[in-house]
Amino acid sequence: MVQKIKLGMVGGGQGAFIGAVHRIASRIDDRYELVAGAFSSDAERALASGKELGISEDRNYQNFQEMAEKESHREDKIDAVAIVTPNHMHHPIAMEFMNKGFHIICDKPLAMNLKQCEELVQASQTNNILFALTHNYTGYPMVRNAKAMCENGDIGNIRVIQAEYAQDWLTEDLENKHNSGGNKQASWRTDPAQSGGGGCIGDIGTHAFNLIRFITGLEPHEINAELTSFVSGRQLDDNAQISIRFQGGAKGTIWSSQVAPGNENHLMIRIYGDKGGLEWCQEDPNYLYFTPFGEPKRKITRGGAGSLQLANDVTRIPPGHPEGYLEGFANIYTEVADAIINFNNGNYDSKKYLFPKVEDGLEGIRFIERSIASNASNSSWVNF
């Protein structure tokens with residue numbers, strides 16, 4: 001019988017989107033049991049949320065400090081905590097739980113700034129903690145297939161990378177206009193005190209950057225960014241256009257926008273080498289397009305002919321039965337469950353696991369901060 005991970009959660013209570021996603025993902029492969037939580041910064045809402053989720057009264061906490069302290073003294077204490085709060089709370093919550101010896105599963109971006117990220121990296125090493133970051137798109141089978149093809153040299157030496165992540169839900173002043181009281185999800189994402197220095201670039205641009213790094217493995221060398229707030233009065237960017245020079249000579253561009261009408265969750269990546277090209281789109285995630293130079297374009301199907309072992313390892317059902325967002329998230333959670341068990345048994349090898357780690361989170365925040373620095377200097381090139 002496979003060991004279940006005893007999971008706690010901070011955030012993700014009533015009215016939250018991402019908390020439910022994490023809970024579903026943790027259950028898909030039956031590897032976790034949610035046993036404790038502090039589900040909101042509002043004590044009343046936290047307790048009500050825990051009750052709805054069936055959390056026992058003695059493990060339904062009013063705040064994360066109480067949860068970390070009391071769980072650390074239980075014989076049946078949690079193995080890991082999932083942090084699904086707005087960005088500004090990631091650092092204090094993770095530090096509190098790491099100092100009590102708990103493994104971390106944290107939503108992205110990692111923290112508010114590089115200093116906080118460095119503290120989290122150091123604390124994970126000092127306390128011997130496994131720290132996972134849920135850049136969930138790295139869990140998609142066809143993303144893994146693209147990674148394997150790049151590593152195998154199927155497209156040759158990489159020359160050009162284009163990634164984009166476009167949405168339209170912040171085209172208007174949603175943070176203030178929704179029912180005259182603002183929209184909670186929009187409000188914290190556009191508030192520097194809760195979101196950090198990046199708006200759109202932090203919320204979705206980091207996903208595009210992480211996807212480039214995960215698939216190609218190329219190291220950024222220099223970055224050039226223009227960040228714009230098109231909606232009047234908005235404090236953080238809602239559109240970003242970024243160019244990247246990679247070590248080895250490859251060139252990349254990232255466009256992220258939350259003011260692009262007609263785009264719901266349009267994350268896509270194109271990678272071109274001297275032997276061929278790859279294209280993948282998150283809204284049609286079960287297909288990867290491969291074009292060897294001088295030959296017709298080929299469609300590789302998840303679980304079908306041409307699908308490589310790296311993709312098959314995270315494929316659940318036969319081709320033609322769509323898998324997507326929740327399954328990708330679940331692949332991260334399942335890998336983390338295996339890693340926690342091996343970590344606790346002294347058999348952990350980080351190279352065996354592809355889920356994003358705390359160091360990847362630090363790199364994502366560096367991407368945000370260097371983009372902001374470039375934008376502040378009239379979009380000049382800055383070292384990464």
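The values are calculated or read from the model by the stated rules, or taken from the named source; none is laboratory data. Keep in mind that this is a model prediction, so the values were computed, not measured. All Cβ positions, glycine included, derive from the backbone under ideal geometry; neighbour counts span all protein chains shown.
Considering G262, G252, which residue is in contact (Cβ under 8 Å) with a residue 24 or more places away in the chain, surrounded by 16 or more Cβ atoms within 10 Å (Cβ to Cβ) and more than 19 Å from the chain's Cα centre (by Cα)?
Only one candidate qualifies: G252.
Return the residue satisfying two criteria in turn: it lies in region 358-377 and is touching a residue at least 40 places away in the same chain (Cβ under 8 Å) and either among the polar types (S, T, N, Q) or not in a helix (DSSP H, G or I) (or both), and of such residues it is nearest to P141 (Cα to Cα).
Here is the first cut: in region 358-377, the ones touching a residue at least 40 places away in the same chain (Cβ under 8 Å) are 358-372, 374-375.
The next check asks that each one be either among the polar types (S, T, N, Q) or not in a helix (DSSP H, G or I) (or both); those that pass are 371, 374-375.
On the way: S371: 30, S374: 34, N375: 35 Å.
The extreme case among them is S371.
Go through region 327-352 and give me each residue that's surrounded by 11 or more Cβ atoms within 10 Å (Cβ to Cβ) and closer than 18 Å to N145 by Cα.
E327, G328, F329, A330, N331, I332, E335, K352
Of the numbered conditions (1) assigned by TED's automatic domain parsing to the domain that holds G273; (2) without any contact (Cβ under 8 Å) to a residue 24 or more places away in the chain; (3) among the charged types (D, E, K, R), K115 fails exactly one; give the number of that condition.
Evaluating K115 over (1) assigned by TED's automatic domain parsing to the domain that holds G273; (2) without any contact (Cβ under 8 Å) to a residue 24 or more places away in the chain; (3) among the charged types (D, E, K, R) leaves (1) as the failure.
Anything in region 237-249 that is assigned to a loop (DSSP other than H, G, I, E, B) and either surrounded by 22 or more Cβ atoms within 10 Å (Cβ to Cβ) or charged (D, E, K, R) (or both)? List them, or say none.
Within region 237-249, D237, D238 qualify.
What strands (runs of 3 or more DSSP E) completely inside region 73-147 contain at least 2 residues that are over 18 Å from A36 (Cβ atoms)?
Passing ranges, in order: 131-133.
Do you know which residues across region 28-57 are modelled with pLDDT of 95 or more, out of contact with any strand residue (DSSP E or B) (no Cβ under 8 Å at 6 or more places or on another chain) and not in a helix (DSSP H, G or I)?
D29, D30, G54 - these are the residues of region 28-57 that are modelled with pLDDT of 95 or more, out of contact with any strand residue (DSSP E or B) (no Cβ under 8 Å at 6 or more places or on another chain) and not in a helix (DSSP H, G or I).
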